[in-house]
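Report on the following structure.
The values are calculated or read from the model by the stated rules, or taken from the named source; none is laboratory data. A quick note: this is a predicted structure, and the numbers were derived from the prediction, not measured. Note: ideal-geometry Cβ built from the backbone for every residue, glycine included; neighbour counts use all protein chains shown. Calculation scope for accessible area: heavy atoms of the full protein, side chains included, ligands and nucleic acids excluded. Shrake-Rupley method; radii C 1.70, N 1.55, O 1.52, S 1.80 Å.
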Amino acid sequence: MATWATLNCSATQLADLLGGPNSTGAANFICNQIAVVSTKLSDTAYAVDTTFLLFSAYLVFSMQLGFAMLCAGSVRAKNTMNIMLTNVLDAAAGGLFYYLFGFAFAFGGPSNGFIGKHFFGLKEVPSDTGFDYSHFLYQWAFAIAAAGITSGSIAERTQFVAYLIYSSFLTGFVYPVVAHWFWSVDGWASAGNTGNLLFGTGVIDFAGSGVVHMVGGIAGLWGAFIEGPRIGRFDHSGRAVALRGHSASLVVLGTFLLWFGWYGFNPGSFTKILSPYGASGSYYGMWSAVGRTAVTTTLAGCTAALTTLFGKRILSGHWNVTDVCNGLLGGFAAITAGCSVVEPWAAIVCGFVAAIVLISCNKLAEKLKFDDPLEAAQLHGGCGAWGIIFTALFAREKYVNEVYPGKEGRPYGLFMGGGGKLLGAHLIQIVVIIGWVSATMGPLFFVLHKLKLLRISAEDEMAGMDLTRHGGFA
């Protein structure tokens, strides 16, 4: 809801000031006009905030094109059409299931701390709780982003029907429940649930390092693990064999589109912009926090990209653009949790460590013979988890109180003097996300595997799904 100073007018007091026989009528007229102006200003504030939210939703949705290009460039040419089609499917199936169930499970309050129970099929929207259609669109764009992450992990070997089933289940139930826990005002671990804060703080996962990135990454981890590696990914002696994507150009294009969309993902998570901090008319307000969030997002991604560039150069002897793109995205995934409550210098620390986490996770994946063509489980799962811990270490008290008002003495970052309560809450977040996604998506992929609905045949995989399943090459 917009915050705007109300213009008040007392006809009685004004009549006393005006004096004369017609003072009462004049005072009433003036106050009526002031009331009209006040209403117009309030309406304008709502319109500005809604426009900001809708524009952010469009930016986040543009990330679907980024995911599609990144995925298409990262797979071999014989599977290009398949991975493009799955990205379209994530958005389309996700739209219907998030409309029918997902939005209600995530934000349908008042409800219990576990799951929402209103707004099924957008019934009762718009509502006096502040939810309008723009909120649905924005949150839908987040839900399909989680599904897009998972699709990359199981690329090049998954049956099309499996995409339909997992995408619908993830966007309609699994992801919305996690979003309710940490983002709804009723959620048991939400920083917005001031009446029942976990450790007195709740979880500060501002734009979803855990809610979006870890959910998508852990789901992809189980899918890729149950399916097993692609044919030829590891040789007979167990050594990793690089199955390189066919187009670095598409990878770079997708990365820049995701970078662009992240300015809706992180700054847009304020959901409004026209709210001053402190006295009305101050130069400093929520618009300043939106700008700071864009800056921290940028710095974390840039630092992670450069760290990955030189780190991989030392390890492999090559300047690899694909690795740099993944490093950049790993920095973005990590800063997503704390982007609104940390200083710009801290974002550089976040990006530096995120690159190390990504490189380490990729090395571990090779040793365990885990095959993820997009490095999605390592990137979004590993860097997302680091982002949650980072926020608990570096969140600044002033920013925490501005972004999450309503409770005095709220804990903040451990390294900033705020104690360990926020870190405790965030460690719990990591554990429960891993547990919830594993308990839901793991059995789903296992059942699909047992029913022979998950992985394509070896013959189809060798020939490529574009030819065998989609009627020709892209």
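Among the protein heavy atoms of the chain, carbon and sulfur supply 67% of the accessible surface, probe 1.4 Å, non-protein parts ignored.
When you filter the trypsin sites (Lys or Arg not before Pro) in region 406-473 for DSSP loop state and at most 10 other Cβ atoms inside 10 Å of their Cβ, you are left with LYS452. Amide hydrogen proximity for PHE234: with H placed 1.01 Å from N in the peptide plane, the residues at 5 or more positions away or on another chain lying under 5 Å are VAL241. By the Cβ rule of 4.7 Å, the chain holds the following cysteines without a possible disulfide partner: CYS71, CYS302, CYS325, CYS339, CYS350, CYS361, CYS383.
Count charges around PHE390 for me, please; just the other residues with Cβ under 15 Å from its Cβ, Lys/Arg as +1, Asp/Glu as -1. Cβ neighbours under 15 Å give a net charge of -1.
Note that the chain presents 40 Å² accessible area per residue, ligands and nucleic acids not counted, probe 1.4 Å. Test of understanding: given the chain, find the longest segment containing no GluC sites (Glu not before Pro) that are in a DSSP loop and have at most 14 other Cβ atoms within 10 Å. The answer is 125-407. If you sort LEU329, LEU197 by accessible surface, 1.4 Å probe, largest first, the order is LEU197, LEU329.
When each of the peptides 164-175, 24-35 is scored by the mean number of other C-beta atoms lying within 10 Å of its residues, the order from highest to lowest reads 164-175, 24-35. Between PHE234 and VAL36, the contour length at 0.36 nm per residue exceeds the Cα-Cα span by 64.1 nm. Would you mind checking LYS117/LYS272; LYS40/LYS117; LYS123/LYS421; LYS312/LYS369 for any pair whose Cα atoms are more than 31 angstrom apart? With Cα atoms farther than 31 Å apart: LYS40/LYS117; LYS123/LYS421.
Working from Cα pairs under 8 Å separated by at least six residues, relative contact order for the chain is 21 percent.
Residue separation of SER282 and VAL447 scaled by 0.36 nm, minus their Cα-Cα distance, works out to 53.6 nm of gained length. Our note on the geometry: Cα centres of region 242-293 and region 358-419, 17 Å apart. Label point of ALA463 set 7 angstrom out along Cα-Cβ; within region 149-184, amide nitrogens under 18 Å from it belong to 156-161. One entry in [x] 24.5, 103; [y] 25.5, 97; [z] 23.1, 68 is Rg and Dmax of the Cα atoms in Å calculated from the shown coordinates; its label is [x].
Under the convention that each Lys and Arg Cβ holds +1 and each Asp and Glu Cβ holds -1, the size of the dipole of region 204-315 around its Cα centre is about 300 debye.
Using the rule -39500 (n - 2.57) for each DSSP H run of four or more residues, divided by the residues of the chain, the 222 nm mean residue ellipticity is -20000 deg cm²/dmol. Between amide H atoms placed 1.01 Å from N, distances below 5 Å from THR158 occur with ILE456, all of them 5 or more places distant or on a separate chain.
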